[in-house]
Amino acid sequence: MRARKIDDNQTLIVKQLRRCGVSVAITSMVGKGFPDLICGLRGRNYLIELKDGAKSASRKQLTTDEKEFHDAWAGQVNKAESFDEIKLIIGL
């Protein structure tokens, strides 16, 4: 089994979120299109597919597995490239 690659911005973003009181579970190792992070704030959970905003547009696209997961998931799931985008998504 191959180790999953995490986005270069993930470590810093997780640290920033936790400093703001957000619970963060790193789920990038799950695979099969499952989002990279689950964030919890004020009794709500947010599934976040994290992409590196510094990468080219083509490298920020969802993979086939990610698209399939997003399409099939009946709940909330978002794609974000930065701490600021995640703050907007979770209402921080």
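Search region 16-30 for residues that are more than 17 Å from I6 (Cα to Cα) and pair each with any residue that is in a helix (DSSP H, G or I) and among the polar types (S, T, N, Q) when their beta-carbon atoms are under 9 Å apart and the residues are at least 6 apart or on different chains.
V22/Q16
State which residue is farthest from V22 (Cα to Cα) when the search covers only region 54-81 and only residues that are part of a loop (DSSP other than H, G, I, E, B) and out of contact with any strand residue (DSSP E or B) (no Cβ under 9 Å at 6 or more places or on another chain).
Per the stated criteria, the residue is S56.
So which residues in region 35-92 are within 15 Å of D7 (Cβ to Cβ), modelled with pLDDT of 95 or more and loosely packed, with under 13 Cβ neighbours inside 10 Å, if there are any at all?
none
So which residues in region 14-38 are touching a Ser or Thr at 6+ places or on another chain (Cβ under 8 Å) and of a type outside the set (A, V, I, L, M, F, W, C), if there are any at all?
G33, P35, D36 - these are the residues of region 14-38 that are touching a Ser or Thr at 6+ places or on another chain (Cβ under 8 Å) and of a type outside the set (A, V, I, L, M, F, W, C).
Does K60 qualify as being at negative phi and touching a residue at least 24 places away in the same chain (Cβ under 8 Å)?
It is false that K60 is at negative phi and touching a residue at least 24 places away in the same chain (Cβ under 8 Å).
Among S58, S82, which is the only one that is among the hydroxyl-bearing types (S, T, Y) and closer than 17 Å to S28 by Cβ?
S82
Restricting to region 7-24, name every residue that is in contact with a strand residue (DSSP E or B) (Cβ under 8 Å, 6 or more places away or on another chain) and surrounded by 14 or more Cβ atoms within 10 Å (Cβ to Cβ).
Those that are in contact with a strand residue (DSSP E or B) (Cβ under 8 Å, 6 or more places away or on another chain) and surrounded by 14 or more Cβ atoms within 10 Å (Cβ to Cβ): D7, N9, Q10, I13, V14, L17, V22, V24.
Within region 21-40, can one find any residue that is charged (D, E, K, R) and part of a helix (DSSP H, G or I)?
No: region 21-40 contains no residue that is charged (D, E, K, R) and part of a helix (DSSP H, G or I).
The values are calculated or read from the model by the stated rules, or taken from the named source; none is laboratory data. Note that the structure is a prediction, hence the values are computed from the model and not measured. We place every Cβ from the backbone using ideal geometry, glycine too, and count neighbours over all the protein chains shown.
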